[in-house]
1. Thr43 - would you say it is within 12 Å of ligand 1 (Cβ to nearest atom), surrounded by fewer than 20 Cβ atoms within 10 Å (Cβ to Cβ), at pLDDT 95 or above and not basic (Lys, Arg)?
2. If I ask for residues that are touching a Phe, Trp or Tyr at 6+ places or on another chain (Cβ under 9 Å) and within 27 Å of Ser59 (Cβ to Cβ), which ones from the range 149-184 would you list?
3. Within the range 90-147, which residues are open to solvent by less than 20 Å² (accessible area, probe 1.4 Å) and among the charged types (D, E, K, R)?
4. So, in the range 64-89, of the ones that are assigned to a helix (DSSP H, G or I) and within 13 Å of ligand 2 (Cβ to nearest atom), which residue ends up most open to solvent (accessible area, probe 1.4 Å)?
5. Among the numbered conditions (1) within 13 Å of ligand 1 (Cβ to nearest atom); (2) in contact (Cβ under 8 Å) with a residue 40 or more places away in the chain; (3) touching an Asp or Glu at 6+ places or on another chain (Cβ under 9 Å), tell me where Arg145 comes up short.
6. Being at pLDDT 95 or above and in contact with a Pro (Cβ under 9 Å, 6 or more places away or on another chain) is the requirement here; does Gly137 meet it?
7. Being farther than 20 Å from Gly80 by Cβ, over 17 Å from the mean Cα position of the chain (by Cα) and either among the acidic types (Asp, Glu) or not in a strand (DSSP E or B) (or both) narrows it down to one residue among Glu108, Glu191, Glu174; which is it?
8. Please go through the range 171-187 and pick out each residue that is of a type in the set (Lys, Arg) and in contact (Cβ under 8 Å) with a residue 24 or more places away in the chain.
Amino acid sequence: MQEVIIATKNAGKAKEFERMFKPLGYEVKTLLDYPDFPEVEETGTTFEENAILKAETVSKAFKRMVIADDSGLMIDALEGRPGIYSARYAGEEKDDQKNMDKVLKEMENTPDNSRQARFYCALAIAAPGKEALTVAGTCEGFILREKRGAHGFGYDPIFLVEEKRKAMAELKPEEKSQISHRAKALNKLEELLPSYLSGDEKA
Ligand SMILES: O=c1[nH]c(=O)c2ncn([C@@H]3O[C@H](COP(=O)(O)OP(=O)(O)OP(=O)(O)O)[C@@H](O)[C@H]3O)c2[nH]1
Ligand SMILES: [Mg+2]
């Protein structure tokens with residue numbers, strides 16, 4: 001089976017990429033398989049910039065084609081926050097529960113008709129000797145008033161998926177992999193993947 005490297009240390013993302021790449025015939029490796037690899041500093045000002053930073057850093061180190069994901073939750077009532085700071089919204093320790101509690105508290109007085117939000121995922125692909133490329137996907141929904149469901153990661157328990165009328169964390173993993181921001185971005189990337197991979201072999 002061919003191998004694809006995803007430049008992430010996020011176990012939730014890693015599982016989703018494994019599920020999504022399997023039918024395409026790829027085995028997924030992530031930075032969780034290389035625990036000594038240092039975390040790439042996300043100094044960009046957009047999801048795309050951060051995704052490229054992660055993909056290019058790891059691609060240069062491994063001399064291989066690499067995909068990276070930079071993603072987050074954008075809430076209209078909070079002027080787009082937590083946005084690119086989603087992972088560390090409540091502090092450096094990247095605690096999903098604390099991040100959700102912070103959002104719920106900030107949205108306590110936000111009425112039901114003003115709770116629109118969306119997940120955004122930028123994927124970057126980088127390979128030796130090639131310019132990095134990005135694609136993006138979004139998933140529309142609303143911020144709930146309490147946590148629901150046990151699947152997924154991050155903010156999934158407080159995000160009501162518009163098209164499913166269920167919390168993202170109430171969807172089975174295979175359902176999330178059909179409709180998520182990550183799935184939509186990956187669908188776009190899928191079209192570009194074969195040429196990138198064939199280029200990788202020559203690099
Ligand atoms: O409920 C969620 N469902 C999702 O599907 C999802 N995708 C992203 N997020 C949030 O956005 C941060 C990404 O930040 P991020 O792209 O910098 O990743 P990260 O720092 O966790 O890992 P890495 O990939 O950088 O190693 C994550 O931690 C989460 O808080 C999600 N939350
Ligand atoms: Mg990160």
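The values are calculated or read from the model by the stated rules, or taken from the named source; none is laboratory data. Because the structure is a prediction, the values reported are computed rather than measured. Positions of Cβ are generated from backbone atoms using ideal geometry, with glycine treated the same way; all protein chains shown enter the neighbour counts. Surface accessibility is based on the protein's heavy atoms, side chains included, excluding ligands, DNA and RNA. Shrake-Rupley method; radii C 1.70, N 1.55, O 1.52, S 1.80 Å.
1. When the stated conditions are applied, Thr43 passes them.
2. Selection gives Gly154, Ser180, His181, Arg182.
3. Matches in the range 90-147: Arg115 only.
4. The extreme case among them is Tyr85.
5. For Arg145, the failing item is (1).
6. When the stated conditions are applied, Gly137 does not pass them.
7. Of the residues listed, the single one that is farther than 20 Å from Gly80 by Cβ, over 17 Å from the mean Cα position of the chain (by Cα) and either among the acidic types (Asp, Glu) or not in a strand (DSSP E or B) (or both) is Glu191.
8. Lys176, Arg182, Lys184 - these are the residues of the range 171-187 that are of a type in the set (Lys, Arg) and in contact (Cβ under 8 Å) with a residue 24 or more places away in the chain.
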